[in-house]
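Worksheet: the structure to be examined is printed underneath.
None of the figures in this text is laboratory data; all of them are computed from the coordinates on show. Predicted, not measured: the structure shown is a model, and the values here were computed from it. A quick note on method: Cβ atoms are made from the backbone with ideal geometry, for glycine too, and the neighbour counts reach across all protein chains shown.
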Amino acid sequence: TMSSPPKLEAIYTAPDQQSHTFTQPIAAPLPLPLPASSDPAHVRSKITYLAELRKTVPALQNAINIFLTEKMEEDKKAADAQGRHLSEKEAKEEANYGEEVVDEEDA
């Protein structure tokens with residue numbers, strides 16, 4: 001049987017919501033597990049695979065960020081429609097979304 005091509009996958013789940021799967025294919029084949037092989041061809045295949053994996057991670061992160069940004073907008077619109085407003089903490093989190101922020105309390 002032919003195995004499926006390797007892929008990087010993340011699954012988003014939230015209470016009362018349908019899950020969402022993010023998938024990025026990895027172009028390089030998964031190296032066969034060999035016990036501590038120093039065979040140059042095996043080492044090259046591992047290097048190629050890991051390089052491909054490194055390229056797919058940012059693409060997957062970007063897809064997740066776009067999805068989460070859309071979810072935040074939907075949540076905000078739903079809250080606005082119900083007359084609810086963001087708490088101070090939620091507003092601060094939204095303002096700093098995607099940024100690494102160190103709270104004074106944590107410093």
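As a footprinting exposure proxy, order L32, L68 by other Cβ within 10 Å, with the fewest listed first.
On the way: L32 9, L68 14.
Ascending Cβ contact count within 10 Å gives the list L32, L68.
Each label point was placed 7 Å from the Cα along the Cα-to-Cβ direction; for R44 and M72 their separation is 4.5 nm.
For K7, the lysines whose Cα falls under 27 Å of its own Cα, not counting residues fewer than eight places away in the same chain, are K46, K55, K71. Peptides 75-83, 49-57 ordered by packing proxy, namely the average of other Cβ atoms within 10 Å per residue, highest first: 49-57, 75-83. Here K77 is the anchor, and the lysines within straight C-alpha reach of less than 28 Å, apart from those fewer than 8 places off in the same chain, are K89, K92.
Would you tally the net charge around K46, using a Cβ to Cβ cut-off of less than 14 Å, leaving K46 out, and scoring K and R as +1, D and E as -1? Can you show the working numbers first?
Numbers: positive: R44, R54; negative: D39, E52.
Within the 14 Å Cβ shell, the charges total 0.
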